Amino acid sequence: MVESKKIEIPVGDKIVTIETGKYAKSATSSVTVRCGDTMLFIHAVVSPEPRVGIDFFPLLIDYEERMSAIGKIPGGYNRSEGKASDKAILISRLIDRPIRPLFPKGYRNDIQIVAQLFSYDQINQPDTLAMLGASCALMLTGAPFEGPIGAVRVSKLDGKLIANPTHQEAEKSALDIVVAGTHDSVIMVEAGCKFVTEDEIMEAVEFAQVEIRKQCELQIQFTKECGVEKETFEDPYDTTELKNIINETAHDMIFDAYHNFDRKYRQDKLEEAKKLVKERIEALPEDHYIHKIMEETGIDFVAEEFKAAEKKIMRAMILDEGVRADGRKPNEVRPIWCEVGVIPRAHGSAVFTRGQTQILSVATLAGPGMKQEIDGVDPETEKTYMHKYIFPGFSVGEVKALRGPGRREVGHGHLAERANIPALPSQEEFGYTIRVTSDVLESNGSTSMGSTCGSSMALMNAGVPVKCMIGGVAMGMITEPGREPVVLTDIQGIEDFLGDMDFKVTGNDDGITALQMDMKAKGIANDTLRKALAQAKEGRLHILSKMREVISEPAKELSPYAPRIFTMTIPVEDIGAVIGPGGKNIRGIIDASGAEIDIQDDGRVTITSNDKEGADIAMKMINQITFKPVEGMVCRGKIVKIVQFGAFVELAPGKDGMVHISQICKERIDTIEGRLNIGDEVIVKIIKIDDRGKVSLTIKGVTEEEAAHCI
C-alpha cells in the first residue's frame, strides 16, 4: 500500500484537503489539493545544483487547465488544449508573485512548479487553491523557501465578508479580492471592484490575514509531520571586496548622477562610473578572487553590485532627503498631457503621457457577433469588452523582435481591462462589442496605469456612454529596518526596479475598480498599506483632473466610421426560418445587405451595418421571412398574377393574398386591364383571413394616413 499523508485546512466555511505521497513520486514533491469537486495536482522540482551564468532566481511557474476537468473536449482543429489561455497565464503570475520574494539573495537553483487542474466543479475557484498548494509543495521540497504563504479570495455579500466565495457569489459582490501573505504580513493583493472604498479594501485584507495565518500554521505542522527539514542557504560568494572597490571608485559619481534630475545626464554619468569600475577590476591579477568567482559562475558580479550601490544611494536620497531620482517629492505626480481623436479613421483614440511614459489607446466598436468566444473551464464563455496591451522594444530604446504578448503583457492588459469594466454600459444600454488596444510608445514606469487612463479617454472619445472616467496610479515604497517607510506616488522605472513595492490602484473620484500589489520586500504592514491607499487616492484624483481638461464626457455622436446597430424582435419559433437550412437564409441576407446579423435565443435580432440602407435591406428581408398576415394589417406588396376577377399580391416570399376586382378602386370597374400590371408595387390592407388561411386584400380601403406609414 502507498503511504500518504493528508491535512485539512479550513478556509471560511469550506475545507481544503491537501495530500502527498501517492502521485508523481519522481518530482521533488507533489501534492493534490481538493475543495468540493475542484481538484488540482501540484508538483515542485528543485534542481540539486545552481544554474551557471545567470544573475536572477530561475523560478518557473506553469498553471495548466484540462478541458476534461469540466467534461469537455477542447475546440479547434486539433481538439487539443494548445498554448496556455490568458486565464491560465494570469493564474501562473498569481502563484509566482507572492513566492518569488521569499527566496534568499544569491539562490540560483532552478525551481519549477506545475499546477494542473484536473477536476473543476465551477463553484470552488482554483486560483487560490493553486497558490496554497504551490506553497505547500515548496515547503515539502526542503528548499530554502522563507514561507509558507497563504492565499484567500474575499467577497462581500449582504454586508458580510466571505472567504473563498464561489464564482456565483463573487459575481454578485462589488468586491473580489485575492490576498496572499506570510504569517506576519501581506505580500500580494489583486482585486477587481465595483467602486469600493479604501476602508472596504483594508477590511477585506485584514479579514484575509486571519485565514492566511491559519493556512501558514497548518502547512508548517504538515511539513513537520512529513519529516521535511528546510535547507539552510548562505550565499557562497563573498563580494565584500568588490563592494569596496565600487564604493571607492564610483560612489561620488553615482551620488552625482542621482542628484542631477536630468535622465540623460544620469545615464551617461552611470555609464562613465561603470567603465571606471570595470577598468579597475580588469587591472586586478588574473588569479584574483573576483575574477575566479565570475569565471566559475558566469555571473557578472560587477554589474550586480554596481546596481546594489545605485539602489543604496537612491533609497538614501528618499529616506534622508525626501527627494526622488527626478527631483519630485514622495507624493508628487509627473507632468501629464493628453489628447484625443488622434487617429483619423479610428472610432476613438487617445494619447496619455505622464513623464516619460506615453500610451496610445485606440477603441474599436463592432456588433455583438464579434464578441470573444472563450474556450476554457470557467463559467465565463464570452467577452464583449477586450483590452490588448502592446509593449514594443522601441518604447525603451531597445532593438527587440516583435512577437506575441508575453506573460507580463497579458497581465498588464488584463489589469487595465479590469479597471475599466465597472464603468462600461450594459449590453442592453449599448450593444456593441468593444476592443481597445494600448500601444506603449515610451516607457519609464507604470505603463499599465497609463493604459488604464488612455483606454478610458479613448472609450469616451468613441462615444461609449461610460458611467464615469477611470484613472490609475502606481505607488512604490522604500523601507529600511528601523526607519519609517516612505510611500511614493507615480513611480518611474528605476523606483520600481530598485524599490520595495509596486502597488497599482485604479478607479474614479469615489471608489476603486482594480488593485494590484506586488512586494520585493518580505511584506508590508497594514498601517503602511492604509497610507499607500490614501496617497494613491490623492494621486488618482490629480490624474483624473488632468484627463478632464481634455475630455470630460463621452462624445455625443459615434464616429462616422463606426458601425450602427439596429435591433428588432422576431418570434422565437421563426428563428429557424430566418437562419434557414444550413444557414442558407441568413447568409443570403448578409450577402444582400452587407450587414452583420446576430440572433439571440429570445428572438432579439441585432443588425450591425456601416450604413442605414444595408440595415433596411436586412430588416426588410427578415420581416418578409417572418411575415404573418393579420386582419387590419397594412403592407406593401407586388402584383404577381392577374386573373379576370382580381389580382394576386405577393406580401412576402411564398405568402400571397388576393385583391378582388371590387376592392381595387372606389368606382365599379369591369376589367383590371389598365388598372394593374404584373410587377406593380401596391399598398394593401388585409380585410379577411378565412379558415383555410386564404388572405383577402383591399387597395381602395387603405387611407392616405395608413399608406404614409407603410414601410
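Treating the beta-carbon of each Lys and Arg as +1 and of each Asp and Glu as -1, no other charges, what is the dipole magnitude of the stretch 240-321 about its Cα centre, to the nearest 20 debye? Don't skip to the end; give the middle numbers.
Details: 14 positive and 20 negative charges, 78 e Å.
The calculated dipole for the stretch 240-321 is roughly 380 debye.
In the chain, which helices (entire DSSP H runs) extend 30 Å or more along their own long axis, judged by Cα positions, while averaging at least -1.0 on the Kyte-Doolittle scale? Present the calculation step by step, with values, prior to reporting the outcome.
Numbers: long enough: 198-225 (40 Å, -0.56); 526-548 (33 Å, -0.75).
Within the chain the helices that satisfy the rule are 198-225, 526-548.
What trypsin sites (Lys or Arg not before Pro) does the stretch 475-556 have in DSSP loop regions with at most 12 other beta carbons within 10 Å? Display every interim value, and only then the final one.
Details: sites: Arg483, Lys504, Lys520, Lys522, Arg530, Lys531, Lys537, Arg540, Lys546, Arg548, Lys556; in loops: Arg483, Lys520, Lys522, Lys556.
Passing both the DSSP loop test and the Cβ count: Arg483, Lys556.
Show me the trypsin sites (Lys or Arg not before Pro) within the stretch 275-374 that DSSP assigns to loop and that have at most 11 other Cβ atoms within 10 Å of their Cβ. Walk me through the numbers on the way to the answer.
Working: sites: Lys275, Lys278, Arg280, Lys292, Lys307, Lys311, Lys312, Arg315, Arg324, Arg328, Arg345, Arg354, Lys371; in loops: Arg324, Arg328, Arg345, Lys371.
Hits after loop and neighbour filter: Arg345.
Extending each Cα 7 Å along its Cβ direction at Arg668 and Asp602, get the distance between those two points in nm, one decimal.
Simple spin-label model gives 5.6 nm for this pair.
Beyond 31 Å, what share of the Cα-Cα pairs of the stretch 5-225 remains, rounded to the nearest whole percent?
Working: 4797 of 24310 pairs.
Tail of P(r) above 31 Å: 20 percent of Cα pairs.
When only alpha-carbon atoms are used, what values of Rg and Dmax, in angstrom, describe the stretch 634-708?
For the stretch 634-708, the Cα radius of gyration and maximum Cα-Cα distance read 11.5, 33 Å.
Using a Cα-Cα cut-off of under 15 Å, which aspartates and glutamates could be cross-linked to Lys641, ignoring same-chain neighbours fewer than 8 residues away?
In chain and number order, the partners are Glu650, Asp656, Glu673, Asp680, Glu681.
Please report, in whole Å³, the volume per residue of the convex hull around the C-alpha atoms of the stretch 1-129.
Hull volume over Cα atoms, normalised by residue count, gives 159 Å³.
State, to one decimal in nm, how far the label point of Lys214 lies from the label point of Val572, with both points 7 Å from Cα in the Cβ direction.
4.4 nm
To the nearest 500 deg cm²/dmol, what mean residue ellipticity at 222 nm is calculated for the chain from DSSP H runs of n ≥ 4 alone, each contributing -39,500 (n - 2.57), summed and divided by the residues?
Values: 16 runs with 220 residues, N = 711.
It lands at -10000 deg cm²/dmol.
Convex hull over the alpha-carbon atoms of the stretch 240-321: what's its volume per residue in Å³?
Working: hull volume 7.3 nm³, N = 82.
Taking the convex hull of the Cα positions in the stretch 240-321, it is 89 Å³ per residue.
Any idea which of Ala283, Gly82, Ala303 is furthest toward the positive side of the dipole for the chain, if Lys and Arg beta-carbons carry +1 and Asp and Glu beta-carbons -1?
Gly82
If one computes P(r) from the Cα atoms of the stretch 542-591, what percent of pairs lie at distances over 17 Å?
Working: 800 of 1225 pairs.
Roughly 65 percent, rounded to a whole number.
Can you tell which of Ala366, Val377, Pro344 lies farthest toward the positive end of the dipole of the stretch 322-379, using +1 and -1 charges on the Cβ of basic and acidic side chains (Lys, Arg; Asp, Glu)?
Positive-most Cα among the choices belongs to Pro344.
Taking every DSSP beta bridge that has both residues in the chain, what percent is antiparallel when rounded to the nearest 5? Intermediate values should be presented prior to the final figure.
On the way: 121 of 136 bridges.
Expressed as a percentage, antiparallel bridges in the chain total about 90.
Which lysines, on any chain, are close to Lys688 with Cα under 17 Å apart, when same-chain ones fewer than 8 places away are left out?
Lys628, Lys655, Lys700
How far apart, in nm, are two points set 7 Å out from the Cα along the Cα-to-Cβ line at Ile123 and at Lys5?
Output for this residue pair reads 3.1 nm.
Assigning unit charges at the beta carbon (Lys, Arg +1; Asp, Glu -1) and nothing else, what dipole magnitude in debye, to the nearest 20, does the stretch 634-708 show about its Cα centre?
The calculation lands at about 180 debye.
Using the structure shown, list the pairs from Lys264/Lys520; Lys243/Lys275; Lys105/Lys520; Lys214/Lys504 with a Cα-Cα distance above 18 Å, or answer none. Don't skip to the answer; put the middle values down first.
Values: Lys264/Lys520 27 Å; Lys243/Lys275 15 Å; Lys105/Lys520 11 Å; Lys214/Lys504 28 Å.
Too far apart for the 18 Å limit: Lys264/Lys520; Lys214/Lys504.
With unit charges on the beta carbon (Lys/Arg positive, Asp/Glu negative), name the residue among Ala419, Ile470, Ile494 whose Cα is farthest towards the positive pole of the charge dipole of the stretch 405-545.
Value computed over the given set: Ala419.
Given H placed on each backbone N at 1.01 Å, which residues far from Val11 in sequence or on other chains put an amide H within less than 5 Å of it?
Under 5 Å from the amide H of Val11: Val16.
Please state the shape class of the stretch 564-625: rounded when a/c is under 1.5, otherwise prolate if a/b exceeds b/c and oblate if not, all from the C-alpha gyration tensor.
oblate
Out of the stretch 66-137, which chymotrypsin sites (Phe, Trp or Tyr not before Pro) are coil in DSSP terms and have no more than 15 other C-beta atoms within 10 Å? Numbers along the way, then the final one.
Working: sites: Tyr77, Tyr107, Phe118, Tyr120; in loops: Tyr77, Tyr107, Tyr120.
Here the sparse-neighbourhood loop sites are Tyr77.
Place a +1 charge on the Cβ of each Lys and Arg in the chain and a -1 charge on the Cβ of each Asp and Glu, then give the dipole magnitude about the Cα centre in debye, rounded to the nearest 20. Please list the in-between numbers first.
Details: 86 positive and 109 negative charges, 333 e Å.
That gives the chain a dipole magnitude of about 1600 debye.
What order do you get for Ile575, Ile95, Ile491, Ile318 when you list them from fewest to most C-beta neighbours inside 10 Å?
Details: Ile575 17, Ile95 28, Ile491 25, Ile318 20.
Taking fewest neighbouring Cβ atoms as first place, the list is Ile575, Ile318, Ile491, Ile95.
Values quoted throughout were computed directly from the atomic coordinates according to the rules given, and no laboratory measurement underlies them. Model, not experiment: these values are computed from the prediction. Here the Cβ is made from the backbone with ideal geometry for all residues, glycine too, and neighbour counts use every protein chain on show.
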